[in-house]
Amino acid sequence: MVDERASGGPGVNILSAGAAQGLASAVAAQAGIELSGTFGAVGGVIERFLAGDACDVVILTHAQVTQLTARNRVALDFCADLGVVRAAMRALSEAGGHPIGCAQTTEIVATPGVALVAPLPREHQLATVYTVALKAGTASAHARDFAQRLTGADTVAARSAAGFEGVAIRRATGADAAGTREVVFGALAEYGLVPEPFGTDADLMDLDAHYFSRGGMFDVAIDGNGRIVACCGLKPMAGGALELRKMYAQRDFRGKGLGRRLLERSLAFARATGSARVELETASVLKEAIALYESASFVPRPGKLDTCRCDRAFVLALS
């Protein structure tokens, strides 16, 4: 564990995976924020968080943050990825002789006097998604500003230079509506399904009105060029249920685990809000999506369907 102290400016307490230390320190210094807290192995960091160590911002793996979300330990209105970090420790641990040292890219580039030669082939890498969250109940505007800086468009180059790559998921804003329509309508067209912008797809015209103002959520996945490449939302229904809606990805981003990450985030949110169940409607032609739902324990739901282009319905009981 490493204690961080950056002098000057408003204070923010952080508990973070060591992989984010270089990036967090640099962004804090640039913003004039006094950063205090701990960086270290994720197992120790989450133990400190759960034990009640002082914290405004927490940076852990995607899996750990979804667990904290489901338990209502982090704020539900902010959850954003830094990106993927690829490590080669698996190959190193299995190698004999005297191998060259390998570590996470973020650790290599943040260490003075150490140069990153090249990443190993992807089949030897272990990819980890790191996610930024705010501790539930934190009222610090400085902490929220810092978290937004860390994960925002203005620090894309800094995240890349620090070793974070790939697609990052974050909560959507009203400004993302056009990008989500492009993803959804494009995917529907691929499968021969017809968009209904004045019907079932009217929710994509105003994400705030249809999702956030009703107590739901909507996530977007952003590639390295700032484009929305996937999305997924939860819309409140009657009877304490949430409806999973608009879970689509562009063709080049399918089959890479992105859909599962979106689904895991959505189910964590649903559990945190105390929802009784999550329902969805889909079309039989979307075979990959159906396989994902079934792998997450969704079961067929009987009854009338509300969406004319759908012929399958599923439900997951949460309580």
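The values are calculated or read from the model by the stated rules, or taken from the named source; none is laboratory data. Remember, it's a predicted structure, so these values are computed and weren't measured experimentally. Cβ sites come from the backbone with ideal geometry, for glycine too, and all protein chains shown count toward neighbours. Note: accessible area is taken over every heavy atom of the protein model, side chains too, but ligands, DNA and RNA are not part of it. Shrake-Rupley method; radii C 1.70, N 1.55, O 1.52, S 1.80 Å.
In table form, for the structure just shown:
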| item | result |
| --- | --- |
| Added length on full extension, which subtracts the Cα-Cα distance from 0.36 nm per residue, residue 51 to residue 225 | 58.8 nm |
| In Hz, Karplus ³J(HN,Hα) per residue of region 153-162 (6.51, -1.76, 1.60; θ = phi - 60°; x = Gly, Pro) | 5, 6, 10, 4, 5, 5, 5, 4, 5, 7 |
| Helix axis angle, 42-51 relative to the chain longest principal axis, alpha carbon, degrees | 80 degrees |
| Virtual spin-label span in nm between residue 77 and residue 127, 7 Å along Cα→Cβ | 3.3 nm |
| Length released on extending from residue 319 to residue 208, taking residue separation times 0.36 nm less the Cα-Cα span | 37.2 nm |
| Solvent-accessible area, 1.4 Å probe, carbon plus sulfur percent, for region 173-243 | 57 percent |
| Selection from 168, 134, 205 lying farthest towards where the dipole of region 117-265 points positive, charges on Cβ | 134 |
| Cα gyration tensor shape for region 164-289, rounded if a/c is under 1.5, else prolate or oblate | rounded |
| Reciprocal of mean inverse Cα separation for region 183-244 (Kirkwood radius, Å) | 12.9 Å |
| Projected label distance in nm at residue 63 and residue 157, using a 7 Å step from Cα toward the beta-carbon | 3.5 nm |
| Full-extension gain in nm, residue 136 to residue 252, via 0.36 nm per residue minus C-alpha separation | 38.2 nm |
| Accessible area of residue 293 in the full protein assembly, 1.4 Å probe (Å², nearest 10) | 10 Å² |
